[in-house]
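Below is one structure, written out as structure tokens, with a few remarks after it.
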Amino acid sequence: MNRIRCAIYTRKSSEEGLEQEFNSLDAQYEACAAYIASQKAEGWVLLPERYDDGGISGGSMERPGLQRLLADIDRGAVDQILVYKIDRLTRSLADFAKMVERLDAAGTSFVSVTQSFNTATSMGRLTLNMLLSFAQFEREVTAERIRDKIAASKKKGLWMGATVPLGYAADGRSLKIAEPDAEVIRTIYDLYLKHRNTRTVKEAVDALGLKTPVRTLISGRVKGGAAFSYGHVHYILSNPVYAGRIRHHANVYPGQHPPLIAPEVWDSIQDQLQSNAVKGRTFTKRNRSGTRASVSPLAGKIYDQTGDRLTPSHSKTAKGRKLRYYVSHRLVRGTAPRDPAGWRLPAPELEDKVADLIRRHLNRPDVRASIICNATADETAAIGKRLAGLTTTSPDTAAEAKRLCLGLVDRIDIAPGDIRIGLSEQQLTQHLEVDPARIDETQLTIRSPFQHRKRGVETKLLIGDAAPDIDVTLLRNIARAHRYFDLVKSGRTFSEIADTEGVSKRRVQQLIELAFLAPDVIRAVREGRQPVGLTSDWLKRHAFSPIWSEQRDAFAAL
């Protein structure tokens, strides 16, 4: 009799009741264990490992217990999965389709003990898909109902949770003024009315020694107690809560809580903030939409491995075409004009690559879910909508999305093999319309592999998981060299080979030397991993040793 190894998976969406000695997870487990015992004659054996997920939604596959189960399935340790009901495993048809592929690959089937079907049969799979369709429909309808309830409640001016703004304390479905934090808010507004400049207000706040409130997150991590950032000051000055109002996405409604700042004063400050934002832009030309665009949006934000800033520069071709670059400052000023560690990078390509890295980072589901600490499902959905303008690839909006992405950059550090992009907390919080204190700083840094290869006068940038930059010309010439060498070994002269191939004798003599390249060098060229300066032109102009070890030493310095 075949031994069928059975694993039980249990899940509960909420944490309510999990502290009890016998909870819902235990009840599910016992029901499944009893079913396995009833199939003992068929060779079913219960595995000792438990796979439990308490307080975790079934809308995502990012569950510790489920991931452990899938890992055990992949390594062939499980033959049968048992759950109390199908929606304990997943409520998403898309997620289930991914699971089925992994189950089929491992030869594992699936059983729901309270619903009579087995995925080992075609009828069982049909029944399962029908049940999953209803489960997903139920989850989506529930989410819509919750969103509608929150929208209706906010329209009535009710406070619907999330992080309580500084200066207030939660009071049921409303807010109440909390001293002495409320005095900090009044001080910030008074400073702005006096100076009419956010940066000046930030400096004045620092001089007064004011700090952000200390908060303990659900994870237990303590956050706050630091100086106010520019983004935090701007968020406080633009938050309608302080005028006694409630914001819901793009709409603002009268709130049921008392205002900290007179509404007419708050409205006048918004006009001033918008006026300052327009005056503060230093642009030089207009884009297709009519708005002004910066010629070098990364100016003053890029630094090399020595700490030297990269400066915008340009040159002109013979036809008058302007070519933009970002160049290490010491190369431009002449303090170290021949420094081999200096950088000269094509500006348009670098800007495109940086914008693409930011777009891919912000498109990652784990980043969207965690970029705001303790975000609710409604907030996560709102964040996704606000990020859509940054991450779009539509031809009509791609240029504006690129501009917005580059506007989020605070600093870029480049070094051989590595690029590090730091996003601006101020710009990101303004775009997401959230409290800067809720931003998870770990999501503000992007790191990626970074290389630049020279092909004559052209510089090619390789960032992230870009496809290998294969030098097709060099690869083709190596193949020709081996063909020429085979002809020489067969008794043909250089002149005869040149006549047959339709090239000059000198060309044959130049290329045939490539037949003596080391096998690992040729393999690197085929995979796009050769040294940056190893090109056909370089090999034609420089003699190299036929000894492979000497070749490696010489090419490594390129």
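The values are calculated or read from the model by the stated rules, or taken from the named source; none is laboratory data. These figures come from a predicted structure and were not determined experimentally. Cβ atoms come from the backbone with ideal geometry, glycine included; neighbour counts cover every protein chain shown.
Any residue in region 10-34 that is free of Cβ contacts under 8 Å to residues at least 12 places away in the same chain and loosely packed, with under 14 Cβ neighbours inside 10 Å sitting within a Cβ distance under 8 Å of a residue that is in a strand (DSSP E or B) and of a type in the set (Asp, Glu)? List the pairs, counting only those 6 or more apart or interchain. Qualifying pairs under 8 Å: none. Read through the list (1) surrounded by fewer than 16 Cβ atoms within 10 Å (Cβ to Cβ); (2) closer than 30 Å to Gly55 by Cα, then give the number of the only condition that Leu193 fails. Here Leu193 meets the rest and fails (2). Residues in region 179-193 that are farther than 15 Å from Pro240 by Cα and at pLDDT 90 or above: Glu183, Val184, Thr187, Asp190, Leu191, Tyr192, Leu193.
Each residue in region 43-72 was checked for being assigned to a helix (DSSP H, G or I), touching a strand residue (DSSP E or B) at 6+ places or on another chain (Cβ under 9 Å) and either under 12 Å from Lys12 (Cα atoms) or free of Cβ contacts under 8 Å to residues at least 40 places away in the same chain (or both), and 3 pass.
Looking across Leu158, Leu175, Leu260, one residue alone is crowded, with 16+ Cβ neighbours inside 10 Å, touching a residue at least 60 places away in the same chain (Cβ under 8 Å) and touching a Gly at 6+ places or on another chain (Cβ under 6 Å). It is Leu260.
The single residue among Ser92, Ser60 that is polar (S, T, N, Q), in contact with a Gly (Cβ under 9 Å, 6 or more places away or on another chain) and at pLDDT below 90 turns out to be Ser92.
If you go through region 226-272 and pick out every residue that is outside any loop (DSSP other than H, G, I, E, B), closer than 21 Å to Asp410 by Cα and modelled with pLDDT under 85, you end up with 2. Taking the listed residues Arg552, Arg447, Arg492, Arg483, the one that is assigned to a helix (DSSP H, G or I) and at pLDDT 85 or above is Arg483, with no other qualifying.
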